[in-house]
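The values are calculated or read from the model by the stated rules, or taken from the named source; none is laboratory data. The shown structure was predicted, so the numbers you read here are calculated from the model rather than taken from an experiment. Neighbour counts are summed over all protein chains in view; Cβ atoms, including those assigned to glycine, are modelled from backbone coordinates with ideal geometry. Remember, those area values only see protein heavy atoms, side chains included, never the ligands or the DNA or RNA. Shrake-Rupley method; radii C 1.70, N 1.55, O 1.52, S 1.80 Å.
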Amino acid sequence: MKWLCSLSLLTALTLHPALADNTQLPSPDLPRDAYVNALLQKMTLEEKIGQLRLISVGPENPKEAIREMIKNGQVGAIFNTVTRQDIRKMQDQAMQLPRLKIPLFFAYDIVHGQRTIFPISLGLASSWNLDAVATSGRIAAFEGSEDGLNMTWAPMVDVTRDPRWGRVSEGLGEDTFLTAEIGRALVQSIQGKNPGERHALMTSVKHFALYGAVEGGRDYNTVDMSPQRMFQDYMPPYKAALDAGSGGVMVALNTVNGIPATADSWLLKDVLRKQWHFSGITISDHGAIKELIKHGVASSPIEAVKIALNAGINMSMSDEYFIRYLPQLVKSGDVSQQEIDEAVRHVLNVKYDMGLFRDPYSHLGPVGSDPQDTNAESRLHRDAARQVARQSLVLLKNRLHTLPLKKQGTIAVVGPLADSQRDIMGSWSAAGRPGQTVTLLQGMRNAAGNKATIVYARGANITDHKDMLAYLNSYDRAVQNDSRAPRAMIDEAVKAARNADVIVAAVGESQGMAHEASSRTNITIPDSQRALIDALKATGKPLVLVLMNGRPLALVREDQQADAMLETWFSGTEGGNAIADVLFGDYNPSGKLPMSFPRSVGQIPIYYNHLPTGRPYLADKPDKYTSHYYDEANGPLYPFGFGLSYTTFSVSAPTLSSPTLRRGGSITVSVTLTNTGDRDGDTVAQLYVHDVAASSSRPVKELKGFQKVFLKAGETKTVAFKLDADALKFYDQQMRFAAEPGEFEVMVGLDSARVKTTRFTLL
Ligand code: BGC
């Protein structure tokens, strides 16, 4: 027996030269599977568990403490450190381990830019322009990889229909198709041809799954959903982003039909691995494993670890439980060696794909090459940021051509957001520096030069509500209030307004009001700012509201007061210049809303692709016993897909290449688009379909295509969409995914509410 053992060991050594030295990494020339298998065979259980830990640099884990953990082989990856100098020190530490020198990977929340901040994701989605989105993705990856990073916690593709949820700012809106298209474009642009490229990052699509559907829009809350809605409306963007090759997926903090996603083997194994064939890494969200106890599905920390790992979590973000409990769990057999190996395999696979085994310093470059000043102006990509930001701005109202403004006379720029360098960056602004952003005031001054006089008054604080202010400042002094009395600030602004030809007021939310853990029950503009708007309105001067906010707001009152309204979201480093470009007409606005704007919170959830009811409300024939609220006008204030331009466009009724469509086939839907105004401009042609009669009730319309089209003044173009029969598929009551024969409406419009319709038959 003894002899047999040593013989088999001998054979193993002869057959696998990679195993000859148990302290050395295998040759990086091996193909991935062979490499990772060989490496796994050399690893001790402790080394394996170390690889499953993702540690955040922060007050709980200062850099020095983390370096100790690295020395002990207890870390697989790091996040929240963003300079090459810091990253290099940590990687050096891993490279000095006495045994296997497995490189660390470094991650960060690069959601809409790293050093150059692009518009928040909701703003990017408002561009309806995949090239603009890809530009932002490529530059974010360039800057992130130049900082030594390997992975980003993005894109966030949680479909959401609830603007109370603060994280709508990070997402791409309410629509499945638009979110999927943009999510895919982000993965492709951030990862490049492969995430191992010098200027690519690996993406980690989040938050899997359904985080955008938290009940009541309250962050971290429950999600409960029918399988049909889940797979029809909420899952496709994750799938699209993963199919585009995302190497990672971040698991959501919420429950899905009673089971926390972190504990849900159906979600993480059956759907993700078996049905979708995802081969990358799953990462739990911050502290999510501990939270299984609070969710009430684990009675102790050790049970939480057992459940999470067995459910399919590979890497644990920011909790110390894996290291504490996995050894015991393996010993007792509650977690099998095979489960551990599977999880570690995924970590090693992504490290291989990032090119780290070939060169642990691949994103760091040689010693001495680190930038002296990580915030150097030369490291920014301002032109691209401005181009993209311009496209994200949505003109909501423009009475009597108030806009564009002339570069002459006096313009009063007021409002608490007009000169805030921090707020304009929006949520998750990565390594962006407020000092480098261009505010609206600065942008207006840059654009006006000496042609017009710009006067400024702050006019109001973001909020004077003490508790809200304390909340917004609970982690750092994010919102700094002016100590003057509200009346004094308003008086100053009114005085400035009276002496001006036009007022431009920047109002809305602070950066932290639309963020993680920033749910609101009231989505109006805060009272302090409303009082300012009232006073400005009373001057009788033309009033332009520049909205800065990270969610759809309820704006019925402001819509009545303003002469013009421009939704600018949080537009990033070059936001002020981009907004000024639009206000002065140097760029003709072309953005379209990716989310419906409700009239009031009571209408939520409100989304364009709802099902019909048996008693639809008809505006031209109102009737009591129809589906509506009797204390509010029906429908949104601004519908999905809406946005004005300084020119006007007309769109013809769609024509079809054939009145019938065969399964597996496609038809072409064409419209004639004309710029009927006197300015060049872009608009977005939007294609919707409706299944007239099916085995289940189908949405009144669903987006199936869009094209952003540039038209010179007076120009006409034909816009053609290819509509595949596959796009008509849906999940029926038995969860069969199929298109059912019969009549379909096909609609084209420049927003979701005003469309022109024709019909075809699916054979
Ligand atoms: C968020 C994630 C984020 C992570 C790391 C969590 O609280 O939910 O979206 O990527 O923190 O910063």
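What's the total number of residues in the stretch 754-763 that are out of contact with any Ser or Thr (no Cβ under 8 Å at 6 or more places or on another chain) and either of a type in the set (Ser, Thr, Tyr) or more than 28 Å from residue 636 (Cβ to Cβ) (or both)?
Final tally of qualifying residues: 1.
Table: residues versus (1) open to solvent by less than 10 Å² (accessible area, probe 1.4 Å); (2) over 30 Å from residue 30 (Cα atoms); (3) in contact with a Lys or Arg (Cβ under 7 Å, 6 or more places away or on another chain).
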{"residue": "308", "(1), (2), (3)": "yes, yes, no"}
{"residue": "318", "(1), (2), (3)": "no, yes, no"}
{"residue": "352", "(1), (2), (3)": "no, no, yes"}
{"residue": "369", "(1), (2), (3)": "no, no, no"}
{"residue": "375", "(1), (2), (3)": "no, yes, yes"}
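Just to be sure before I move on: is residue 269 within 16 Å of the ligand (Cβ to nearest atom), open to solvent by 30 Å² or more (accessible area, probe 1.4 Å) and closer than 29 Å to residue 215 by Cβ in the structure I sent?
So residue 269 fails the test.
I need the full set of residues from the stretch 236-257 which are surrounded by 24 or more Cβ atoms within 10 Å (Cβ to Cβ), more than 20 Å from residue 293 (Cα to Cα) and of a type outside the set (Gly, Ala, Ser), in order please. Of everything in the stretch 236-257, those that are surrounded by 24 or more Cβ atoms within 10 Å (Cβ to Cβ), more than 20 Å from residue 293 (Cα to Cα) and of a type outside the set (Gly, Ala, Ser) turn out to be 237, 238, 242, 249. Only one of the listed residues (638, 617, 625) is outside the structural domain of residue 392 (by TED's automatic domain parsing) and open to solvent by less than 20 Å² (accessible area, probe 1.4 Å). That residue is 638. Count of the stretch 210-230 residues, restricted to those that are away from the ligand (no atom under 16 Å from the Cβ), assigned to a helix (DSSP H, G or I) and either open to solvent by less than 40 Å² (accessible area, probe 1.4 Å) or in contact with a helix residue (DSSP H, G or I) (Cβ under 7 Å, 6 or more places away or on another chain) (or both), is 1.
Any idea which of 736, 698 is among the basic types (Lys, Arg), within 30 Å of residue 227 (Cβ to Cβ), modelled with pLDDT of 95 or more and open to solvent by less than 30 Å² (accessible area, probe 1.4 Å)? Exactly one residue qualifies, and that residue is 698. Of the residues making up the stretch 180-209, those that are closer than 17 Å to residue 122 by Cα and either touching a Ser or Thr at 6+ places or on another chain (Cβ under 9 Å) or within 16 Å of the ligand (Cβ to nearest atom) (or both) are 182, 183, 186, 187, 205, 206, 207.
Only one of the listed residues (61, 72) is away from the ligand (no atom under 16 Å from the Cβ), in the same structural domain as residue 319 (by TED's automatic domain parsing) and modelled with pLDDT under 95. That residue is 72.
Quick one: would you say residue 31 is touching a helix residue (DSSP H, G or I) at 6+ places or on another chain (Cβ under 6 Å), at pLDDT 50 or above and not aliphatic (A, V, I, L, M)?
No, not satisfied.
In this structure, residue 243 does not qualify as of a type in the set (Asp, Glu), touching a strand residue (DSSP E or B) at 6+ places or on another chain (Cβ under 7 Å) and more than 15 Å from the ligand (Cβ to nearest atom). Screening the stretch 146-169 for residues that are surrounded by fewer than 24 Cβ atoms within 10 Å (Cβ to Cβ) and assigned to a helix (DSSP H, G or I) and picking the one that is farthest from the ligand (Cβ to nearest atom) gives 146. Screening residue 67 on (1) modelled with pLDDT of 95 or more; (2) in contact with a helix residue (DSSP H, G or I) (Cβ under 8 Å, 6 or more places away or on another chain) shows it passes everything except condition (1).
Exactly one residue out of 494, 455, 438 is modelled with pLDDT of 95 or more, open to solvent by less than 30 Å² (accessible area, probe 1.4 Å) and not in a loop (DSSP other than H, G, I, E, B), and it is 494. Condition check for residue 320 on (1) farther than 18 Å from residue 50 by Cα; (2) modelled with pLDDT under 95; (3) not aliphatic (A, V, I, L, M): one failure, at (1).
In contact (Cβ under 8 Å) with a residue 12 or more places away in the chain, part of a loop (DSSP other than H, G, I, E, B) and under 14 Å from the mean Cα position of the chain (by Cα): does that describe residue 172? It is true that residue 172 is in contact (Cβ under 8 Å) with a residue 12 or more places away in the chain, part of a loop (DSSP other than H, G, I, E, B) and under 14 Å from the mean Cα position of the chain (by Cα). Examine the stretch 115-128 for a residue that is closer than 25 Å to residue 219 by Cα, outside any helix (DSSP H, G or I), at pLDDT 95 or above and within 16 Å of the ligand (Cβ to nearest atom), and state whether such a residue exists. Checked against the condition, which is being closer than 25 Å to residue 219 by Cα, outside any helix (DSSP H, G or I), at pLDDT 95 or above and within 16 Å of the ligand (Cβ to nearest atom), the stretch 115-128 yields at least one hit. Within the stretch 279-291, identify whether any single residue is away from the ligand (no atom under 15 Å from the Cβ) and closer than 22 Å to residue 74 by Cα, and answer yes or no. Yes; the residues of the stretch 279-291 include at least one that is away from the ligand (no atom under 15 Å from the Cβ) and closer than 22 Å to residue 74 by Cα.
Residue pairs whose Cβ atoms lie under 9 Å apart, separated by 6 or more positions or on different chains, with the first residue in the stretch 443-472 and assigned by TED's automatic domain parsing to the domain that holds residue 546 and closer than 14 Å to residue 584 by Cβ and the second in a strand (DSSP E or B) and basic (Lys, Arg), do not occur.
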